[in-house]
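Notes for the one structure printed next.
The values are calculated or read from the model by the stated rules, or taken from the named source; none is laboratory data. Here the structure is a predicted model, which is why all the values come from computation and not from measurement. Glycine also receives a Cβ, built like all others from the backbone with ideal geometry; neighbour counts cover every protein chain displayed. Each accessible area value is taken on the protein alone, full model and side chains, heavy atoms only, with ligands, DNA and RNA left out. Shrake-Rupley method; radii C 1.70, N 1.55, O 1.52, S 1.80 Å.
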Amino acid sequence: MDWKRVSFFFLTVIVVLGCIGATSPNLVDRIKLGLDLKGGFEILYTAEPLTAGQPLTKVTLNQAAESLAKRADSLGVAEPEVSTEGSDRIRVRLAGVKNEEEVRSLMSKPAVLTFRGPDGTVYMNGTDFVENAAKLSYDPNTKQPIVEIKLKSREKFKEVTTKLTGSTLSIYLDEELQSTASVPYPIDSDAAIINQSSVTEATKVAKLINLGAMPLKLTEKYIQRVDATLGTASLHETARAGLIASILIFLFMVFYYRAPGLVAAFTLITYVWVLLAVFDWMNATLTLPGIAALVLGAGMAVDANIITYERIREEIRSGKSILSSLKAGSKHSFRTIMDANVTNLISGIVLYYVGNGAIRGFAVITMMSIIISILTNVILSRWLLHLIIRGNLLKKPSYFGVKEADIRGL
C-alpha cells in the first residue's frame, strides 16, 4: 500500500470537511434572502415625461430604473431588484423593508432641486450641485438645523447672487418652497444652506436631495406585499426537503457504488459549500428560483458521478484492472458529461440574455452550479479516486459494487 497517497487522500478530506464545518454557519447567516423568502413588497411603476414634449425613450427608462436602484441602496434596502418592462414600466422588488411607507414616498419623488428668482426664473438646478453632498448641519448663530448643499461652481453661484442682489433667492424641492432669503450682496461661496424648522425635516430634505433627480415622473400602478412568514416557511420546507433528499442520495450512492459512492457524497457536500461561498462572495440574493437552480445543479452533479462510476464498473466487468478501469472509464465518460454540461451552460446563457428579474437569477446560479460541479464532481472526484486506487487502498472489484461472477475474461 502506498501510504503517501492514502495519507494525502485522508488529509484532503479532513481539511476540506474542517473548513466546511468551520465556515458553513457564517456563510448561511450572511446569505441575503430575496423578496419571496424574506418578505417585503413589490411595486410596478408607470413612467411619464416630467415635462410636456419630453420623449420617453428606453434610455430614459433605464436611467429611471438605475435611479430607483440607487435610491433603494441609499435607504438601506439590501439587494433591490429593479427591472424595466415594456416601454413605460418599471418593476421594483424590495425585501426586508420595515418602514414601507417612508421608502415608498421617497422612491418615486422627482427630487428636483432648483434655485429661483422672485419671478420664478430658474437660475440653478440639479446639475449645479455636488451629488450626494447635502448634509444636516446647524446655523452657528441661531443653532437651528439647516441643510448644507455643496455647489460645483462657486463662480456661477457668485454670478447668480450678483444678478439677484437686492432681491430674493428661493430654493424649491419638487415645486415645494423650502427657503427664501434676501441677497444683500454677491455671495462668493461653494455652499448654500436651506433653513429648516426641525432636525427631522432637515434630515428628510438632505436625504431627498442626495437621492438625485428622477428623470421621469413615476406613478404606482400596482403594489403587492409578501408576508415574511410565508417566505420563512417556504425556506424551511425547502431546506428540510433538500436535507432529506441529500441523505437518500448519499445512502443510494454508498449502497450501490460502495467506495466511489463515499467519494461522491464528499464531493457533493463540497459542491454545495463552494457554491454557497461563491454566492456569498458575489453578495447575491437567494430566491426560490435560485434554490431551484441550486437543486438542479446538485442533480447534475450526481449524474456526473453516476455516469463516471457506471463506465468504471463496465471496464471492471470487462476484466481490466482497477487502475486501468478508472483511466478508461474516466476517459470515456468525460465527453458525455461535458456535452451535457456545455449544453446546459448554453441554455443558462440564453436565459440570462433574454430574461430578466428572477429568470436571470435562475440562469446565473445555474451557470455557477455547472462550473462548480465540473470542478468538484468531475475533477476533484476523479483525483481522489486516483489517489486511493494508485495507493492500493481499493484492490477488490467488490469495493466498486461489482461481483466477481460478473467479471468476464479480458
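Here the gap between E175 and A22, fully extended at 0.36 nm per residue and compared with their Cα-Cα distance, gives a gain of 49.5 nm. Check each of the trypsin sites (Lys or Arg not before Pro) in region 1-100 and keep only those in coil by DSSP with at most 13 other C-beta atoms within 10 angstrom; list them in order. Within region 1-100, the qualifying trypsin sites (Lys or Arg not before Pro) (loop, at most 13 other Cβ atoms within 10 Å) are K98.
Short-range pairs are left out: with C-alpha atoms under 8 Å and at least six residues apart, the relative contact order of region 147-240 is 28 percent.
Quick one: if the Förster radius is 56 Å, what FRET efficiency do E101 and E310 give, using the C-beta to C-beta distance and rounding to 0.05? Efficiency, from the Cβ-Cβ distance: 0.40. When you filter the trypsin sites (Lys or Arg not before Pro) in region 127-195 for DSSP loop state and at most 13 other Cβ atoms inside 10 Å of their Cβ, you are left with K143.
Extents of region 281-362, taken as max minus min of Cα coordinates on every principal axis and listed largest first, are 53, 20, 20 Å. Could you tell me which of the pairs K70/K158; K32/K135; K152/K204; K58/K204; K109/K158; K331/K396 are separated by over 25 angstrom between their Cα atoms in the structure shown? Where the Cα-Cα span goes over 25 Å, the pairs concerned are K70/K158; K32/K135; K58/K204; K109/K158. Heavy-atom accessible surface of the chain, averaged per residue, reaches 52 Å², computed with a 1.4 Å probe. For region 181-251, the extents of the C-alpha atoms along the principal axes are 85, 30, 26 Å, listed from largest to smallest.
Scan the chain and report its longest stretch carrying no GluC sites (Glu not before Pro) that are both in a DSSP loop and have at most 15 other Cβ atoms within 10 Å. After excluding every exposed loop site, the longest remaining stretch is 176-410.
Evaluated at q = 0.10, 0.11, 0.20, 0.22 Å⁻¹, the base-10 log of the normalised Debye intensity for region 82-187, with identical point scatterers placed on the Cα atoms, takes the values -0.42, -0.50, -1.15, -1.30. Relative to the 2.2 N^0.38 Å rule of thumb, the chain has a C-alpha radius of gyration ratio of 1.44. For region 97-140, backbone nitrogen atoms closer than 15 Å to the point 7 Å from T203 Cα along Cα-to-C-beta are found at 99, 102-103, 135-138. Once whole DSSP H runs in the chain are found, which of them have Cα atoms spread over 20 Å or more along the helix axis and a mean Kyte-Doolittle score of at least 0.5? Helices passing the filter in the chain: 3-30, 228-257, 259-281, 288-317, 322-354, 358-373. Tell me, what % of the accessible area of region 329-410 is carbon and sulfur with a 1.4 angstrom probe? Whole-percent figure for carbon plus sulfur exposure: 64. Working from label points 7 Å from Cα in the Cα-to-Cβ sense, the L296 to A133 distance is 4.8 nm.
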